[in-house]
Amino acid sequence: MTEPVPFVEPRLRFFADLRVEVGVPQEVGRTVHGLRRLIPILGGQAQGDGWQARVMPGGADFQLIVSDTLAELDARYTLEADGGDLIYVQNRAVRSGPPELMARLVRGEVVDPAQIYFRCSPQFETASPALRWIGERMFTGTGARFPDAVAMRFWELM
């Protein structure tokens, strides 16, 4: 019989709060995979423990409305840290809820974030030696969609 492996249970450590400002959705339409949308990212800010960054304009959230209860999100954008370092972010997410609330979100209406399941898994890339560690860790998060912005909180998975 082999000895049990001493697995380390994951813990969460706060990484950052983000507010990402978004523009008017570009709706491609209903494709074979679902309703395809592209949401321009206009700017925003990130605030971590002892650091801050701005969300640079030019990114986008590529959305697929799979069903009346499920949306798959793939946001890609760049952060500029307070020291000038650039951080590429790819944040995949799942957003689900009752059909009537999901329809309101698609129309850009306000929905109570507590009524929507919104979880994400951001990944980071940077050329910064000081921030190299963020490309070597896993992160998780939760979010809330508002008519003109997305608010998120990210945690490092320890």
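Out of all the residues in the stretch 72-91, which are touching a Leu at 6+ places or on another chain (Cβ under 7 Å) and more than 17 Å from L131 (Cβ to Cβ)?
Hit for the stretch 72-91 is E72, nothing else.
Within the stretch 32-137, considering only strands (runs of 3 or more DSSP E) that don't extend past its boundaries, which have at least 1 residues that are of a type in the set (A, V, I, L, M) and open to solvent by less than 30 Å² (accessible area, probe 1.4 Å)?
35-48, 52-55, 60-67, 70-81, 86-96
Are any residues in the stretch 25-56 among the charged types (D, E, K, R) and over 23 Å from D148 (Cβ atoms), and if so, which ones?
R30, D49 - these are the residues of the stretch 25-56 that are among the charged types (D, E, K, R) and over 23 Å from D148 (Cβ atoms).
Could you check the stretch 137-158 and list, in sequence order, the residues that are in contact (Cβ under 8 Å) with a residue 40 or more places away in the chain, out of contact with any Asp or Glu (no Cβ under 7 Å at 6 or more places or on another chain) and farther than 23 Å from M102 by Cβ?
F154, W155, E156, L157, M158
Just to verify a result, which residue in the stretch 1-31, among those that are part of a strand (DSSP E or B) and among the acidic types (D, E), is nearest to F154 (Cα to Cα)?
D17
Taking the stretch 138-147 on its own, how many of its residues are in contact with a strand residue (DSSP E or B) (Cβ under 6 Å, 6 or more places away or on another chain) and open to solvent by 60 Å² or more (accessible area, probe 1.4 Å)?
Qualifying residue count for the region: 1.
Kindly provide the set of residues from the stretch 17-31 that are at pLDDT 95 or above and open to solvent by less than 70 Å² (accessible area, probe 1.4 Å), ordered by number.
D17, L18, V20, V22, G23 - these are the residues of the stretch 17-31 that are at pLDDT 95 or above and open to solvent by less than 70 Å² (accessible area, probe 1.4 Å).
Condition test on E80, is it modelled with pLDDT of 95 or more, over 14 Å from the mean Cα position of the chain (by Cα) and of a type outside the set (S, T, N, Q)?
Yes: the conditions hold for E80.
The values are calculated or read from the model by the stated rules, or taken from the named source; none is laboratory data. Treat the numbers as computed from the prediction; the structure is a model and nothing was measured. FYI the Cβ positions are ideal-geometry reconstructions off the backbone, even for glycines, and counts take in every protein chain you see. The area values use the complete protein model at the heavy-atom level, side chains included, leaving out ligands, DNA and RNA. Shrake-Rupley method; radii C 1.70, N 1.55, O 1.52, S 1.80 Å.
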